[in-house]
Amino acid sequence: MNFLNLEEKKQLKEKLEEKAELFKAISHPVRLCILEMLLRNNKINVTEMQCCIEVSQSTVSQHIAKLKAAGIIKGEREGVEIYYSISNEEIEKIIKLILQN
């Protein structure tokens, strides 16, 4: 059996807490839908997200804020619009796995 020393336990705990926070950030159907649309289109704005998932713009904006705060997506301004894209490659891989048929 392979036991962890105190430092290894601390590092593992921190890593697992970080991963759990990522899963918490994506664990909502609207956020998963936003991420799936971003995978399909590379970048989209709030209006495009709203039309596809049929929730209000304010609801989409709240979910975007959570994904941005978690470092999962980023927004780039183009004129008056902000276009969002996935900025976390690890999450991109996870979403692809989750959404496989």
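The values are calculated or read from the model by the stated rules, or taken from the named source; none is laboratory data. Just so it is clear, the structure is predicted and the values come from calculations on it, not from any experiment. For neighbour counting, all protein chains shown are included, and Cβ atoms are generated from backbone atoms with ideal geometry for every residue, glycine included. Note: areas computed on protein heavy atoms with side chains; ligands, DNA, RNA excluded. Shrake-Rupley method; radii C 1.70, N 1.55, O 1.52, S 1.80 Å.
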Checklist entry - All other residues with a Cβ under 12 Å from the Cβ of F23 taken together, and with Lys, Arg as +1 and Asp, Glu as -1, what is their net charge? => result -1
Checklist outcome for this item: Using alpha carbon centers only, region 1-39 is separated from region 59-101 by a whole-angstrom value of 16 Å
Checklist entry - What span do the alpha-carbon atoms of the chain cover on each of the three principal axes, reported in whole Å from largest to smallest? => result 55, 32, 21
Checklist outcome for this item: So N41 and Q62, fully extended at 0.36 nm per residue minus their Cα-Cα distance, gain in nm 5.5 nm
Checklist entry - For the chain, which whole percent of the accessible surface, found with a 1.4 angstrom probe, sits on carbon and sulfur atoms? => result 51 percent
Checklist entry - Summing +1 for each Lys or Arg and -1 for each Asp or Glu, what net charge is found among the other residues whose Cβ lies under 14 Å from the Cβ of I91? => result +2
Checklist entry - Could you state the principal axis extents of the C-alpha atoms in region 56-101, from the largest down, to the nearest angstrom? => result 35, 22, 20
Next on the checklist: Give me the one-decimal nm value for the distance between modelled label points at F23 and L6, 7 Å along each residue's Cα-to-Cβ direction.
Outcome noted: 2.9 nm
Checklist entry - List the lysines whose alpha-carbon lies under 24 Å from that of K9, not counting same-chain residues fewer than 8 positions away? => result K19, K24
Item to check | Area projected by the alpha carbon convex hull of region 36-84, averaged over all directions, nm² | outcome: 3.3 nm²
